[in-house]
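The values are calculated or read from the model by the stated rules, or taken from the named source; none is laboratory data. All figures in this text were calculated on a predicted structure; none of them were measured in a lab. A quick note on method: Cβ atoms are made from the backbone with ideal geometry, for glycine too, and the neighbour counts reach across all protein chains shown. Accessible surface areas use protein heavy atoms only, side chains included; no ligands, DNA or RNA. Shrake-Rupley method; radii C 1.70, N 1.55, O 1.52, S 1.80 Å.
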Amino acid sequence: MTLPPGSRLGPYEISGNIGAGGMGEVYRARDTRLDRSVAIKVLPSDFAGRADLRARFDREARTISQLSHPNICTLFDVGHENGVDYLVMELLEGETLADRLEKGPLPVADVLRYGAEIADALARAHRQGITHRDLKPGNVMLTKSGSKLLDFGLAKTFIAIRSTAVSRNDVTQQRPLTAEGTILGTFQYMAPEQLAGEEADARSDIFALGGVLYEMATGARAFSGKTRTSLVANILGVQPRPISELQPLTPPALERLIQRCLAKDPDERWQSAADVAEELKWMRTQSSESAAAARVAQRTKHPRERVAWLIAALTVIAAAALLVALQRARSARPLQTYSSITPPTGGSMAFDGPASGALTISPDSRYVTYVGSDRSGVFSIWVRDVRTGRVRALPGTEGGEYPFWSPDSRQLGFFLNKKLKTISAEGGPTVDICDVNEPRGGSWSPDGVIVFTPHWRDPIYSVAATGGKPVAVTKVDLARNQTTHRWPTFLPDGKHFLFFAGSHTAEATSGDNAIYVGSIDGREPRLLLRARSNVAYAAGRLLFLQGQKLVAQPFDADTLQLSGEAATIAEGVRYEKGFFRGVFAASDTLLAYQMGDMETKTQMNWLNRKGETIGSLAPPGLFFDVSISPDGKTIALSIGDPSDIWLFDAARGVRNRFTFDPWQEDGAVWSPDSKTLLYWSDRDVQVDTQVDTLRKSIGSADTVFLGDKKLHEKPLDWSRDGRFIVVAKHATSGSGAADLWVHPTDPTAKPFPFLVSPFDEPDARISPDGNLIAYVSNESGRNEVYVTSFPAAAEKVLVSSEGGQTPRWRADGRELFFVSPRGEFFSVPVTASTPSLEVGSAVSLFRARVAFSPQPYYAVTGDGERFLINVRQDEEDEPVTLVSSWTALLTEK
């Protein structure tokens with residue numbers, strides 16, 4: 001049965017389908033009495049024919065509804081309407097643990113965190129006489145606030161209604177609801193006593209919890225089988241593979257805890273979920289200092305048992321000491337320890353897009369940087385003191401990108417508002433060094449020289465750390481199909497640096513992607529190795545990614561020679577394909593990395609004016625700029641890297657490819673009649689590093705060049721009367737601020753400057769009546785939105801007050817929208833009158849988790865009621881894993 005939007009179940013109005021759960025279809029709905037969003041789970045039709053079963057289910061559901069715990073999904077109501085049985089539950093935003101496990105095992109810190117929450121939730125229910133009996137990853141939701149158990153306790157009745165008993169010979173037979181021997185649960189996580197048809201209790205939930213923890217830690221199920229019979233046999237008689245074989249870095253105490261949860265005999269398991277939660281919380285506390293030092297000894301029941309453990313421990317210590325004495329030829333390896341960096345309280349971290357370059361470690365190994373936000377939602381550069389745990393945002397770095405350290409660990413370089421800047425690591429005023437455009441990383445030498453990439457199509461440049469004129473020290477080799485030089489990092493001599501050179505058009509495995517060693521004197525760079533990754537030098541090794549494997553290979557910084565083979569030190573490390581960068585950093589004694597997908601995936605979601613998601617344009621992908629045609633019928637969206645423009649039918653959702661070149665094509669601008677698009681392309685990068693404005697009609701294969709090929713420009717808007725096209729123009733391709741110019745469509749008229757200033761004006765939109773223009777400028781020190789007259793600029797009016805970008809007009813010109821740096825969408829009423837311009841106060845509409853923050857890509861429908869926004873697909877931030885003495889991870893040859 002499918003419930004269309006707008007239909008009702010009692011007082012609940014259906015908004016849309018969320019998906020299918022283990023107990024039926026799930027819908028988003030609104031409680032019309034309390035005006036809150038809820039989740040409605042509609043039970044299958046075979047449930048409706050048995051009044052006695054419904055009555056029992058109602059009784060048990062109302063008992064469950066009394067459970068109040070932050071890690072249990074709240075059950076609000078049970079209902080029956082027109083033959084439909086349904087549950088009303090708390091609406092959760094996130095992903096199931098099962099979905100998360102499809103990406104691989106979780107970091108240890110997450111296993112401890114979520115495991116403790118699940119165990120704590122079980123303990124609360126067990127104290128009230130309620131068991132789950134179907135605990136599995138699919139019944140755990142991961143949200144911003146933590147994990148939530150779903151279908152808690154309801155599975156006991158529901159599964160019994162629908163299940164059959166299974167014998168060990170895989171023969172099924174019907175059993176009554178109350179019959180002993182009814183098998184309840186999902187086979188992979190069921191305890192042996194459940195499979196034997198015996199009555200299950202709280203310890204059966206603990207066995208299932210052990211299976212879930214095992215899978216979280218390893219990414220593999222504790223028990224598997226090709227058939228149901230072999231699976232049951234394995235659960236009853238086979239021990240799961242040791243976790244340490246699958247994940248060698250798992251703390252021994254965690255492995256011991258999971259083993260005890262999975263004991264075949266219920267009497268040999270943990271007897272209380274509260275004890276499991278307490279142990280996991282203890283490990284989590286210890287792991288913040290030293291996960292490797294987490295205790296191995298289990299909780300014991302008798303003093304004599306503790307004595308036995310003490311004697312055993314002393315024996316092991318003595319044997320270890322003797323072994324060390326006998327093996328004098330081998331020096332003791334340093335002990336690596338693990339800890340995690342999580343988002344600031346109430347905030348988040350960002351490692352997508354440009355933020356992928358924000359993870360750094362200071363040369364003295366004391367500080368780690370990342371891009372994050374607090375409750376305000378403003379993203380800036382944060383610094384964490386590894387020794388004290390103190391974490392702080394650096395004022396003046398709001399919107400900053402690609403931080404890098406001075407050699408003495410006292411200052412940071414970074415990029416903001418198209419400037420290379422420096423700032424004290426303790427905070428203070430920022431210092432402008434030189435202009436950039438769309439930079440890709442930098443590095444600071446002991447001699448006071450900074451090497452950096454001012455634009456993603458440029459070579460590496462050098463400049464004095466005190467300021468001056470940048471000088472190119474590499475040359476993008478077009479003959480080798482190179483289209484970018486980026487991620488420079490100095491070697492200890494301060495003369496040579498490593499960098500990545502690659503191709504936007506070549507395959508990931510192509511030899512066109514490689515790591516080179518360059519020199520600040522501009523000598524010919526030398527190839528070191530083939531890789532599509534940034535690179536770090538630490539502890540005599542080069543660290544880089546092979547796929548998502550972080551590897552280290554010996555490297556002599558004096559002779560600039562590699563030796564030996566690359567050894568894997570971490571797997572599943574996040575990689576931003578569009579930026580050729582893995583999220584990792586290293587010093588001689590400290591390693592940092594984030595787990596994650598091979599590439600960022602975003603979602604083009606439709607939101608209403610309340611910020612509620614009401615649909616999506618397409619399945620998750622790598623999306624960028626988006627625009628809606630003036631007639632509202634077609635949506636232009638840039639997809640992939642390098643991106644192409646695709647056209648979506650707004651009514652049917654079908655799409656067609658509009659551009660086909662192997663280069664970057666983005667920034668679609670519609671003609672007034674919705675039949676032609678302007679866009680920018682870097683197709684002429686083989687000639688120089690500019691981007692060009694092109695024009696192409698729908699249904700045509702021909703493109704027309706628009707603009708001055710000597711200048712770097714991007715189209716921004718086309719006036720509705722068809723007379724003018726506004727572009728953002730740079731005097732040079734690789735650096736400097738953008739100015740606003742106007743191209744008349746009359747072929748006899750020449751382009752003319754609209755706003756030329758020392759500041760950056762990267763974006764603008766003409767009002768529908770053609771009399772006003774809203775634009776962005778950083779003249780105040782940060783991007784703000786202004787409105788002035790058009791086509792001749794007059795007195796301007798400031799629209800935003802705490803940062804603003806990407807202005808968009810409603811079709812009647814009476815309302816202007818913009819986005820703050822924290823992803824908050826604002827509405828501003830605008831009245832154009834003669835001789836003055838009236839702009840009302842900005843009103844906050846909603847806040848969205850925009851992708852590639854703080855750069856939002858969005859479009860708004862002509863009536864101003866719906867927003868199509870490129871949002872981050874992930875609802876939670878993966879923590880950053882810190883490993884001290886990381887070289888101990890390397891296998892001695």
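So which residues in segment 745-785 are open to solvent by 50 Å² or more (accessible area, probe 1.4 Å), in contact (Cβ under 8 Å) with a residue 40 or more places away in the chain and in contact with a Phe, Trp or Tyr (Cβ under 7 Å, 6 or more places away or on another chain), if there are any at all?
Pro751, Asn771, listed by residue number.
Among Arg62, Arg36, Arg56, which is at pLDDT 80 or above, open to solvent by 40 Å² or more (accessible area, probe 1.4 Å) and of a type in the set (Lys, Arg)?
Details: Arg62 fails: at pLDDT 80 or above; Arg56 fails: at pLDDT 80 or above.
Just a single option satisfies the conditions, and that option is Arg36.
Of everything in segment 65-81 that's open to solvent by less than 70 Å² (accessible area, probe 1.4 Å), within 26 Å of Gly146 (Cβ to Cβ) and not hydroxyl-bearing (Ser, Thr, Tyr), which residue is modelled with the lowest pLDDT?
Only one residue tops the list, namely Leu67.
Under 8 Å by Cβ, and 6 or more places apart or on different chains, what pairs join a residue from segment 534-545 that is more than 14 Å from Leu889 (Cβ to Cβ) with one that is part of a strand (DSSP E or B) and charged (D, E, K, R)?
Listed by first residue and then by second, the contacts come to Asn534/Arg486; Asn534/Arg581; Gly540/Asp556.
Go through segment 848-883 and report how many residues are open to solvent by 10 Å² or more (accessible area, probe 1.4 Å) and modelled with pLDDT of 95 or more.
Of the residues in that region, 6 qualify.
Please determine whether any residue of segment 661-672 is under 30 Å from Tyr575 (Cβ atoms), in a strand (DSSP E or B) and open to solvent by 50 Å² or more (accessible area, probe 1.4 Å). Spell out the reasoning first.
Initially, segment 661-672 is screened for residues under 30 Å from Tyr575 (Cβ atoms), giving 661-668.
The next check asks that each one be in a strand (DSSP E or B); those that pass are 665-668.
From the residues that got through so far, the ones that are open to solvent by 50 Å² or more (accessible area, probe 1.4 Å) too are none.
The answer is no, given that none of the residues of segment 661-672 is under 30 Å from Tyr575 (Cβ atoms), in a strand (DSSP E or B) and open to solvent by 50 Å² or more (accessible area, probe 1.4 Å).
Of all residues being charged (D, E, K, R) and in a helix (DSSP H, G or I) in segment 198-255, which is least open to solvent (accessible area, probe 1.4 Å)? Just the residue, please.
Step one: list which residues in segment 198-255 are charged (D, E, K, R), which gives 198-199, 201, 203, 205, 215, 221, 226, 228, 241, 245, 255.
Keeping just the survivors that are in a helix (DSSP H, G or I) gives 203, 205, 215, 228, 245, 255.
Numbers: Arg203: 49, Asp205: 3, Glu215: 20, Arg228: 102, Glu245: 107, Glu255: 22 Å².
The residue in question is Asp205.
Can you say whether Phe817 is over 23 Å from Phe867 (Cα atoms), open to solvent by less than 40 Å² (accessible area, probe 1.4 Å) and in contact with a Leu (Cβ under 9 Å, 6 or more places away or on another chain), as far as the supplied structure shows? Spell out the reasoning first.
Working: over 23 Å from Phe867 (Cα atoms): no; open to solvent by less than 40 Å² (accessible area, probe 1.4 Å): yes; in contact with a Leu (Cβ under 9 Å, 6 or more places away or on another chain): yes.
Answer is no for this residue.
Looking at segment 610-626 only, could you name the residues that are surrounded by 15 or more Cβ atoms within 10 Å (Cβ to Cβ), out of contact with any Ser or Thr (no Cβ under 8 Å at 6 or more places or on another chain) and closer than 12 Å to Asn870 by Cβ?
Listed by number, the residues that qualify are Leu617, Ala618.
In segment 367-400, how many are open to solvent by less than 50 Å² (accessible area, probe 1.4 Å), free of Cβ contacts under 8 Å to residues at least 60 places away in the same chain and not hydroxyl-bearing (Ser, Thr, Tyr)?
Filtering segment 367-400 down to residues open to solvent by less than 50 Å² (accessible area, probe 1.4 Å) leaves 367-373, 377-383, 385, 389, 392-394, 396-397, 399-400.
Narrowing further to those that are free of Cβ contacts under 8 Å to residues at least 60 places away in the same chain: 367, 369, 371-372, 380-383, 385, 392-394, 396-397, 400.
Remaining after also requiring not hydroxyl-bearing (Ser, Thr, Tyr): 371-372, 381-383, 385, 392-394, 396, 400.
Count: 11.
Scan (1) under 15 Å from Val830 (Cα atoms); (2) under 31 Å from the mean Cα position of the chain (by Cα) for the single condition Ser789 breaks and write down its number.
(2)
Quick one: is Arg486 of a type outside the set (Asp, Glu), open to solvent by less than 50 Å² (accessible area, probe 1.4 Å) and either outside any loop (DSSP other than H, G, I, E, B) or out of contact with any strand residue (DSSP E or B) (no Cβ under 6 Å at 6 or more places or on another chain) (or both)? Steps first, answer last, please.
Values: of a type outside the set (Asp, Glu): yes; open to solvent by less than 50 Å² (accessible area, probe 1.4 Å): yes; either outside any loop (DSSP other than H, G, I, E, B) or out of contact with any strand residue (DSSP E or B) (no Cβ under 6 Å at 6 or more places or on another chain) (or both): yes.
Against the criterion (of a type outside the set (Asp, Glu), open to solvent by less than 50 Å² (accessible area, probe 1.4 Å) and either outside any loop (DSSP other than H, G, I, E, B) or out of contact with any strand residue (DSSP E or B) (no Cβ under 6 Å at 6 or more places or on another chain) (or both)), Arg486 qualifies.
How many of the residues making up segment 793-812 are among the aliphatic types (A, V, I, L, M), in a loop (DSSP other than H, G, I, E, B), open to solvent by 40 Å² or more (accessible area, probe 1.4 Å) and modelled with pLDDT of 90 or more? So that I can check it myself, show each step before the final result.
Start the filter on segment 793-812 by keeping residues that are among the aliphatic types (A, V, I, L, M), which leaves 793-794, 797-799, 811.
Still in the running and in a loop (DSSP other than H, G, I, E, B): 793-794, 799, 811.
Checking which are open to solvent by 40 Å² or more (accessible area, probe 1.4 Å) leaves us with 793-794, 811.
Still in the running and modelled with pLDDT of 90 or more: 811.
Going through segment 793-812 one residue at a time, the tally reaches 1.
So which residues in segment 556-604 are under 11 Å from Ser356 (Cα atoms) and open to solvent by 60 Å² or more (accessible area, probe 1.4 Å), if there are any at all?
Correct list: Lys577 only.
If you go through segment 608-633 one residue at a time, how many are free of Cβ contacts under 8 Å to residues at least 60 places away in the same chain and part of a strand (DSSP E or B)?
Kept after step one, since they are free of Cβ contacts under 8 Å to residues at least 60 places away in the same chain, are these residues of segment 608-633: 613, 616, 618-619, 621-622, 629, 631, 633.
Cutting the leftovers down to part of a strand (DSSP E or B) gives us 613, 616, 621.
Result for segment 608-633: 3.
Which numbered condition trips up Val431, out of (1) of a type in the set (Val, Ile, Thr); (2) within 28 Å of Lys729 (Cβ to Cβ); (3) in contact with a Pro (Cβ under 8 Å, 6 or more places away or on another chain)?
Against the list (1) of a type in the set (Val, Ile, Thr); (2) within 28 Å of Lys729 (Cβ to Cβ); (3) in contact with a Pro (Cβ under 8 Å, 6 or more places away or on another chain), Val431 comes up short only on (3).
May I ask you to verify whether Asp521 is over 17 Å from Tyr575 (Cα atoms), in contact with a strand residue (DSSP E or B) (Cβ under 7 Å, 6 or more places away or on another chain) and open to solvent by 30 Å² or more (accessible area, probe 1.4 Å)?
Numbers: over 17 Å from Tyr575 (Cα atoms): yes; in contact with a strand residue (DSSP E or B) (Cβ under 7 Å, 6 or more places away or on another chain): no; open to solvent by 30 Å² or more (accessible area, probe 1.4 Å): yes.
When the stated conditions are applied, Asp521 does not pass them.
Quick one: which strands (runs of 3 or more DSSP E) lie wholly within segment 415-467 and hold at least 1 residues that are open to solvent by less than 10 Å² (accessible area, probe 1.4 Å) and over 24 Å from Arg523 (Cα atoms)? Full working, then the answer.
Numbers: elements: 419-424, 431-435, 442-444, 449-452, 461-464.
Hits in segment 415-467: 419-424.
Does any residue in segment 94-110 that is on the phi < 0 side of the Ramachandran plot and among the small types (Gly, Ala, Ser) come within less than 6 Å, Cβ to Cβ, of a residue that is at pLDDT below 90 and part of a helix (DSSP H, G or I) six or more places away or on a different chain, and which pairs are these?
Ala98/Gly138
Search segment 539-570 for residues being among the hydroxyl-bearing types (Ser, Thr, Tyr) and over 31 Å from the mean Cα position of the chain (by Cα), and hand back the single one that is nearest to Phe490 (Cα to Cα). So that I can check it myself, show each step before the final result.
Of segment 539-570, the ones among the hydroxyl-bearing types (Ser, Thr, Tyr) are 559, 563, 568.
If we keep only those that are over 31 Å from the mean Cα position of the chain (by Cα) too, we end up with 559, 563.
Details: Thr559: 15, Ser563: 20 Å.
Among those that are among the hydroxyl-bearing types (Ser, Thr, Tyr) and over 31 Å from the mean Cα position of the chain (by Cα), it is Thr559.
With segment 720-784 as the region, which strands (runs of 3 or more DSSP E) entirely inside it contain at least 3 residues that are within 23 Å of Tyr857 (Cα to Cα)?
724-730, 739-744, 763-766, 772-777
In segment 682-719, what residues are under 25 Å from Gln482 (Cα atoms), at pLDDT below 85 and in a strand (DSSP E or B)?
Those that are under 25 Å from Gln482 (Cα atoms), at pLDDT below 85 and in a strand (DSSP E or B): Asp692, Thr693, Leu694, Phe705, His712, Glu713.
Would you tally the residues in segment 82-109 being among the aliphatic types (A, V, I, L, M) and either part of a loop (DSSP other than H, G, I, E, B) or open to solvent by 40 Å² or more (accessible area, probe 1.4 Å) (or both)? Quick ask: steps written out before the conclusion?
Step one: of segment 82-109, the residues among the aliphatic types (A, V, I, L, M) are 84, 87-89, 91-92, 97-98, 101, 106, 108-109.
Remaining after also requiring either part of a loop (DSSP other than H, G, I, E, B) or open to solvent by 40 Å² or more (accessible area, probe 1.4 Å) (or both): 91-92, 106, 108.
Residues in segment 82-109 being among the aliphatic types (A, V, I, L, M) and either part of a loop (DSSP other than H, G, I, E, B) or open to solvent by 40 Å² or more (accessible area, probe 1.4 Å) (or both): 4 in total.
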